[in-house]
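Here the structure is laid out as structure tokens; the discussion comes afterwards.
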Amino acid sequence: MTAVIEQFAPLSLQEGWDNSGLCIGSPEAPVTSVLLGLDCTPELVDEAISCGADMIVTHHPLIFSGLKKISPDNPVGEAVIKAIKAGISIYAAHTSADKVIAGVSGAMAARLGLENVHILDEDGEGTGLGVVGDLPEPISAEEAVALVKERFSLKAMRASRPVEGKISRIAMCGGSGGSLIGAAEKSGAQLYISGDISYHNFFTREGFMIMDIGHYESEIEIVDILFSLLKKNFPTFAVRITQNIYSNPIFYF
């Protein structure tokens with residue numbers, strides 16, 4: 001099971017601060033049923049128990065850094081305890097899936113119908129963070145806002161001052177992409193789309209625009225990608241996407 005995921009998103013690609021891979025369980029543990037989600041919450045573990053899944057695969061790791069204590073008084077500890085008691089393995093494909101072009105950012109580009117898509121910030125042979133590509137036809141900033149809101153099913157977004165000219169080239173990075181703003185500008189993009197952009201980054205130069213569509217909203221499609229990958233390779237397995245798919249901790253009012 002893990003070998004198939006790692007063929008798609010090799011663990012060697014993950015960022016140094018990340019914790020992709022198997023964080024609970026043994027690689028030799030038998031797996032017959034898998035539950036997929038974006039975040040490994042206690043509720044997701046409860047769902048895995050109720051549907052009989054013996055493995056959970058998420059994008060975000062349950063454990064990011066060393067735990068000083070495992071307590072049911074916090075969500076991470078509660079999820080760890082429930083998973084271990086139930087004998088459920090937990091695996092995360094995080095920045096390993098961010099850095100392949102068929103992963104998070106590539107899926108964002110596909111939603112917008114971009115052409116000539118390639119990695120924005122390369123760190124190897126065809127791998128790295130973010131992507132950049134071209135629209136089939138140039139559009140105005142107002143049209144770009146409408147397109148992005150429609151394709152990503154957004155209630156709202158944060159954006160910098162709209163550019164006055166046409167937008168023909170778009171760069172993007174799923175998740176927290178503030179660190180790639182410079183790379184987006186250098187790529188010739190007139191628009192950069194990501195999440196978790198800080199206030200001061202919205203003071204953009206003329207001819208360059210930023211849209212913050214949200215961390216969750218920019219990454220959620222990876223769940224469907226992982227589902228298709230596992231279902232194709234394990235057609236006899238029970239591979240499910242969580243019924244409680246909306247794990248976004250941010251609420252819009």
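The values are calculated or read from the model by the stated rules, or taken from the named source; none is laboratory data. Every value quoted in this text rests on a predicted model; they were computed, and no experiment measured them. Here the Cβ is made from the backbone with ideal geometry for all residues, glycine too, and neighbour counts use every protein chain on show. Only protein heavy atoms, including side chains, enter the accessible area calculation; ligands, DNA and RNA are left aside. Shrake-Rupley method; radii C 1.70, N 1.55, O 1.52, S 1.80 Å.
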> Under a straight-distance cross-link criterion of Cα-Cα below 15 Å, which aspartates and glutamates are reachable from Lys68, leaving out those fewer than 8 residues away in the same chain?
Replying inline: Glu78
> Under a point-charge model restricted to the Cβ atoms of Lys and Arg (+1) and Asp and Glu (-1), what is the dipole moment magnitude of region 56-133 relative to its Cα centre, in debye to the nearest 20?
Replying inline: 540
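Going down the table (Lys82/Lys231; Lys149/Lys186; Lys166/Lys232; Lys99/Lys232; Lys99/Lys231), which pairs top 29 Å between alpha carbons? Please report the intermediate quantities before stating the final value.
On the way: Lys82/Lys231 26 Å; Lys149/Lys186 25 Å; Lys166/Lys232 41 Å; Lys99/Lys232 22 Å; Lys99/Lys231 22 Å.
Where the Cα-Cα span goes over 29 Å, the pairs concerned are Lys166/Lys232.
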> Helix 221-233 versus the longest principal axis of the chain: what angle, 0 to 90°, nearest 10, using Cα atoms?
Replying inline: 50
> So how strong a dipole does region 1-132 carry about its Cα centre when Lys and Arg Cβ are +1 and Asp and Glu Cβ are -1, to the nearest 20 debye?
Replying inline: 340
> Going by alpha carbons, how many degrees (0 to 90, nearest 10) lie between the helix axis of 75-86 and the longest principal axis of the chain?
Replying inline: 40
> Can you give the three extents of the C-alpha atoms in the chain along their principal axes, from longest to shortest, in whole Å?
Replying inline: 58, 37, 31
>> Please return the longest range in the chain lying between exposed loop sites, taking trypsin sites (Lys or Arg not before Pro), DSSP loop only, at most 12 other beta-carbon atoms within 10 Å, and leaving the sites out.
In response: 70-154
> So for Phe251, Phe234, what's the accessible-area order with a 1.4 Å probe, most first?
Replying inline: Phe251, Phe234
>> Taking the 0 to 90 degree range and rounding to the nearest ten, how far is the long axis of helix 141-151 tilted relative to the main principal axis of the chain, both from C-alpha atoms?
In response: 20
> When only the heavy atoms of the protein chains count and the probe is 1.4 Å, how do Thr2, Thr95 rank by accessible area, highest first?
Replying inline: Thr2, Thr95
